[in-house]
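The values are calculated or read from the model by the stated rules, or taken from the named source; none is laboratory data. Everything numeric in this text was worked out from a predicted model, so none of it was measured. Backbone-built Cβ (ideal geometry, glycine too); neighbour counts: all protein chains shown. Just so you know, the surface numbers come from the protein's heavy atoms only, side chains and all, with ligands and any DNA or RNA stripped out. Shrake-Rupley method; radii C 1.70, N 1.55, O 1.52, S 1.80 Å.
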Amino acid sequence: MKIALIGTKGMNWGPHVFGGFETAVTELGPRLAAAGCDVTIYCRRHLYGSGPLAERVNGVRLRYVGGIESKNFGTITNGVLSVADALRSGTDAIVLFNTGLGVLIPAIRRTGCRVLMHLDGLEWQRGKWGWLARRVFELGAHLSARHADELIADAVEIQRVYGERYGRSGQFIPYGARLVDHIGDSLLEPYGIEPGSYYLLVTRFVPENNPLFVIREFLRAQTSRTLVVLGGNFYKSPYEREIREIRDPRVRFAGFIADPDVLYAFYRHSYAYVHGHSVGGTNPTMLEALANSCCVLALDTPFSREMLSGGRYGLFWQRNDGSLRELLSKVDADAGLVRQFREVALSRINGVYDWDSVTSRYLEILRSILPERPSVVRRPVLDRRDEAGVGAETGAGVEAVKE
């Protein structure tokens, strides 16, 4: 069974680490390969710099494809070229990870190739897109619902929206979360940050994630702790510039963190994690926070309520003046409340947001739409410490390199 994963920035390997969709294909691809599938992940060439490029990572073939690299046209042009390449190579099924690429599904289906569409929230509501891009996402969603072999919704709320809007809700398959027993606070030493001395915000700098709102509310809260902000953006924008212009010692910008263990250390040793995402489905950063026993302070949305079981696993704030400020002041003065949510956070992950279970569900769907039958799922060895040129003999890590 030859499978192509298309529509993300690519696979995380070495120093190249991106966002939620990229984490999904990085976890899903090797597990599908371990189940006997021939898996290719398509990557956006310009994001991997000028150094050597891995051709195969953890049993997954990587293909680097270009496009017209701009905020509005990069994904769609890269998607067109990637789909064309996948079809030329005789791919049996394509999993698309961007709703805008749904406009390609009728053409893909005419070739006999099967298509799954993984729905990424409500893209047409995202503030970062212009009018034309939002219309493309709406058209892509409509064509996906009408023509895809199956829709994958990573949240029950996404199923509800698509069911009401397009008459087809698809299959619910959430993201998973990586579980690590011990992450020492020594990983924070190079950043000069003490455990428990900071709140954490992990986000792209886009309006629908509300980083500017979170920072402004934090600066008005009654706390002696700092706010550590991880992330940024891949394209410059006035919104990002406004965030970068904040000059206050209580807010520390640490950028993107490539090392997954260092990223987990930031989560695990924070006092609390602040979540401002508004229009996505199941959010990988919130899963990472729960997997590291964080006390989660989340913007009150249907997606957040679904992930936190209506408040059993976290606290909510509203996007109005003073709501987050008051919540931050409250939890800052109540370590017992924070400890209460830290103690139950991990139980939300177990048995629900598990990558092996996610992979099994994908395989069930692929088996239902393709005649070929992959073998039983085996847990792959995923070594995130590998870098280019390591692991060529065993199949773990990066198996081949090209210039």
query = Each residue of the stretch 250-256 in turn: what ³J(HN,Hα) in whole Hz from Karplus with 6.51, -1.76, 1.60 and θ = phi - 60°, glycine and Pro shown as x?
reply = 7, 10, 10, 9, 10, x, 7
note = Taking Cα atoms, the helix 74-88 axis meets the longest principal axis of the chain at an angle in degrees (rounded to 10) of 30 degrees
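Could you give the size of the charge dipole of the chain about its Cα centre, using +1 on the Cβ of each K and R and -1 on the Cβ of each D and E, expressed in debye and rounded to the nearest 20?
Value, rounded to 20: 920 debye.
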inquiry  = Rounding to the nearest 10 and keeping the result within 0 to 90°, find how far the Cα-based axis of helix 335-349 lies from the longest principal axis of the chain.
reply    = 10 degrees
task = For helix 355-369, report the angle its Cα long axis makes with the longest principal axis of the Cα atoms of the chain; keep it between 0 and 90° and round to the nearest 10°.
result = 30 degrees
task = Kindly rank 324-334, 168-178 from highest to lowest mean number of other beta carbons found within 10 Å of each residue.
result = 168-178, 324-334
query = If r is the Cβ-Cβ distance from T77 to D300 and R0 is 60 Å, what FRET efficiency results, to the nearest 0.05?
reply = 0.95
task = Set Lys and Arg Cβ to +1 and Asp and Glu Cβ to -1, take the dipole of the chain about its Cα centre, and tell me which of L188, G66, V214 lies farthest positive.
result = G66
message = Over all directions, how big on average is the projection of the convex hull of the alpha-carbon atoms in the chain, in square nanometres?
response = 18.8 nm²
ask   = Once the whole set of protein chains is in place, how much accessible area is left on L139, using a 1.4 Å probe, in Å² to the nearest 10?
value = 90 Å²
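State the percentage of accessible surface on the stretch 204-337 attributable to carbon and sulfur atoms; use a 1.4 Å probe and exclude ligands, DNA and RNA.
Working: 2440 of 5050 Å².
Using a 1.4 Å probe with all protein chains present, the stretch 204-337 comes out at 48 percent carbon and sulfur.
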task = List, in order, the whole-Hz ³J(HN,Hα) value for each residue of the stretch 4-17 obtained from phi through the Karplus relation with A = 6.51, B = -1.76, C = 1.60 and θ = phi - 60°; use x for Gly and Pro.
result = 10, 10, 10, x, 9, 6, x, 8, 6, 7, x, x, 9, 10
query = So, in Å, what gap is there between the alpha-carbon centers of the stretch 225-296 and the stretch 128-199?
reply = 16 Å
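Please list 104-116, 3-15, 261-273 highest first by mean number of surrounding beta-carbon atoms within 10 Å per residue.
Values: 104-116: 17.8, 3-15: 24.2, 261-273: 21.4.
Going by the mean number of other Cβ atoms within 10 Å, highest first, we get 3-15, 261-273, 104-116.
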request  = Would you mind working out the accessible area per residue for the stretch 160-301, using a 1.4 Å probe, and quoting it in Å²?
outcome  = 39 Å²
inquiry  = Please report the accessible area of D85 (heavy atoms, 1.4 Å probe, ligands and nucleic acids excluded) in Å², nearest 10.
reply    = 20 Å²
Projected label distance in nm at H46 and T111, using a 7 Å step from Cα toward the beta-carbon = 2.4 nm
task = Give the relative contact order (percent, whole number) for the stretch 257-361; include only Cα pairs under 8 Å separated by 6+ residues.
result = 26 percent
key: Size of electric dipole in the stretch 121-269: Cβ of Lys, Arg +1 and of Asp, Glu -1, about Cα centre, debye, nearest 20   = 620 debye
inquiry  = Give me the percent relative contact order of the chain, please, defined on Cα pairs under 8 angstrom at least 6 residues apart.
reply    = 20 percent
